[in-house]
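Just passing along the structure, written as structure tokens.
The values are calculated or read from the model by the stated rules, or taken from the named source; none is laboratory data. Note that this is a predicted model, so its numbers are computed, not measured. Here Cβ is always computed from backbone atoms with ideal geometry, including for glycine, and neighbour counts include all displayed protein chains. SASA here: full protein model, heavy atoms, side chains in, ligands and nucleic acids out. Shrake-Rupley method; radii C 1.70, N 1.55, O 1.52, S 1.80 Å.
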Amino acid sequence: MSTWTPKLLCVALVAVALAGCGRKEEPAATADGAPAPADAGTLNVYNWSDYIAEDIVPAFERERGTKVNYGVFDSNEVLEAKLLAGGSGFDVVVPGLQFLGRQVQAGVFQPLQKERLKNYGGLDPELMKRIAVQDPGNQYAVPYLWGTTGIGYNVDKLTEAFGSTDIANSWDLVFKPENLAKMKDCGVMFLDAPSEVVPVVLNYLGEDPNSTDPAVIEKAAVLLKTLRPYIQTFHSSQYIDALANGSACLVIGWSGDVLQARDRANEAGNGVKVAYSIPKEGTALFFDMLAIPSDAKNLDNAYAFIDYLLRPEVAAANSNYVSYPNPVPASLPMVDEAIRNDPTIYPPPETAAKLFTLAILPPEVDRQFTRLWTELKTGR
């Protein structure tokens, strides 16, 4: 954890909650999400699924007179594979902070020319200090949004199984096989993201969530294997609609995504009640970053788009749409009160004190994560 005071952390959490993730207007892209060939009036963006307000891209296109080719992905691993292969064709991408750190080391990104970002000065300084631990000097990226990894659940199904929803306040709900077994029949889904889930398991076990000790990491693998019979699906975006329509009742998911599922269920009027919990044992705090690949072709448009996203009114619109915090404090007055006051979006100091960031994984640890995750998913 950083040395933030609770007050500063709360301010940053509030500030960050404004630039959220949401359903996107998705301009033309190739079938695998790669952008169409670049031209002078083009911008090629690669972002997470359901991670931007639906009117942001069209509004930018109108203002800028630029065609945006908008592709989406649902895991850091997918993005990283494209970037490390080279020649991705993207101008703006949105990696998680811990992946950004090692991608910088691999020469994937170009340093930001901060003077080209008029709204750079509006970023929360305490948040930028925290990010600088993995991006020294904040040289290569600016934050887009942040959130937590926690528990999403169907209120009625959980109450039916346990008599109340109190158990959702602890990772015991998910990480004790006897509890998870009670939810199997209504649908259990885990993020398909070992770099997110394994540290959370280690923290639950009382270990350093960022441990690189193979023996410690193996403890997480052993626990996860006891849970495998009760997990229906591993996926990092499908759980939003599954929670919303009732085909899943318990997930390890990202905060804003679960809250989007809640809102979609409410809008559909289908009687499904969805809620999100940050477990008392603590969990991972993530930051998603806006960065420009070293081989990007459309630099003027790339800087214009990043700067556009940092406008307070745009950041607020994103947060209002997707329920994720953003890094622009001036946007807070424009964020819906229900979002500003939601402790699962803006955690109070006692909760924030138990949040941890994710470290850059060295290659040998990354290989161990990949191996244990493959074995978990295949049931070996």
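Which peptide among 138-145, 75-82 comes first, and what is the full order, when sorted by highest mean count of other Cβ atoms within 10 Å? Spell out each step's value before the answer.
Details: 138-145: 23.5, 75-82: 19.5.
For the peptides 138-145, 75-82, the packing ranking is 138-145, 75-82.
Can you list the aspartates and glutamates whose alpha carbon is less than 18 Å from that of K219, not counting same-chain residues fewer than 8 positions off?
Of all the aspartates and glutamates, those that pass the test against K219 - Cα under 18 Å, at least 8 places apart if same chain - are D172, E196, E207, D208, E281, E364, D366, E375.
Below 11 angstrom from the Cβ of A359, what's the summed charge of the other residues (Lys, Arg +1; Asp, Glu -1)? Intermediate results must be reported in sequence, preceding the final value.
Values: positive: R102; negative: D208.
Neighbour charge sum, excluding A359 itself: 0.
Same structure again: Using a probe radius of 1.4 Å on heavy atoms only, what accessible surface per residue do you get for the chain? Whole Å² is fine. Present the calculation step by step, with values, prior to reporting the outcome.
Numbers: 14420 Å² over 380 residues.
Ligands and nucleic acids excluded, the result is 38 Å² per residue.
Still on this structure: How far apart, in nm, are the 7 Å Cα→Cβ label points at E364 and E160?
Distance between label points: 4.9 nm.
What does the extension gain come out to for V133 and L205, with contour length at 0.36 nm per residue minus their alpha carbon separation? If you can, show how the numbers build up before the last one.
Working: separation 72, 0.36 × 72 = 25.92 nm, distance 2.53 nm.
Taking 0.36 nm per residue and subtracting the Cα distance, the gain is 23.4 nm.
Along the three principal axes, how long is the chain when you take its alpha carbons, biggest first, rounded to the nearest angstrom?
Principal extents (Cα only, largest first): 58, 46, 45 Å.
So if I take the centroid of the Cα atoms in segment 155-203 and the same for segment 306-380, what is the distance between those two points in Å?
20 Å
Points 7 angstrom from Cα along the Cβ direction at L299 and K184: gap in nanometres?
If labels sit at L299 and K184, their model points lie 5.7 nm apart.
If you don't mind, another one. Could you work out the relative contact order of the chain, using alpha carbon pairs under 8 angstrom and six or more residues apart, expressed as a whole percent? Intermediate values should be presented prior to the final figure.
Numbers: 793 pairs, mean separation 118.3, N = 380.
For the chain, the relative contact order is 31 percent.
Near F234, within a Cβ-to-Cβ distance under 13 Å, what is the net charge of the other residues, with Lys and Arg +1 and Asp and Glu -1?
Details: positive: R228, K377; negative: D74, E77, D192, E196, E375.
Neighbourhood net charge equals -3.
Further, regarding this structure: Summarise the accessible area of segment 286-380 (1.4 Å probe, protein heavy atoms) by the percent that is carbon and sulfur. Numbers along the way, then the final one.
On the way: 2020 of 3730 Å².
Roughly 54 percent of what the probe reaches on segment 286-380 is carbon or sulfur.
Quick one: work out the % antiparallel among DSSP beta bridges in the chain, nearest 5. Let's see the in-between values first.
Working: 19 of 35 bridges.
Percentage antiparallel, nearest 5: 55.
Continuing with the same structure: Counting other Cβ atoms within 10 Å, which chymotrypsin sites (Phe, Trp or Tyr not before Pro) in segment 276-380 have at most 14 and lie in a DSSP loop?
Values: sites: Y276, F286, F287, Y303, F305, Y308, Y321, F356, F369, W373; in loops: none.
Sites meeting the loop and neighbour criteria: none at all.
Here's a follow-up. Given R₀ = 45 Å, FRET efficiency for T233-Q105 by Cβ-Cβ distance, to 0.05?
On the way: r = 33 Å, r/R0 = 0.74.
The computed FRET efficiency comes out at 0.85.
Give the distance, in whole Å, between the Cα centre of segment 256-286 and the Cα centre of segment 102-116.
Between the Cα centres of segment 256-286 and segment 102-116 lies a distance of 34 Å.
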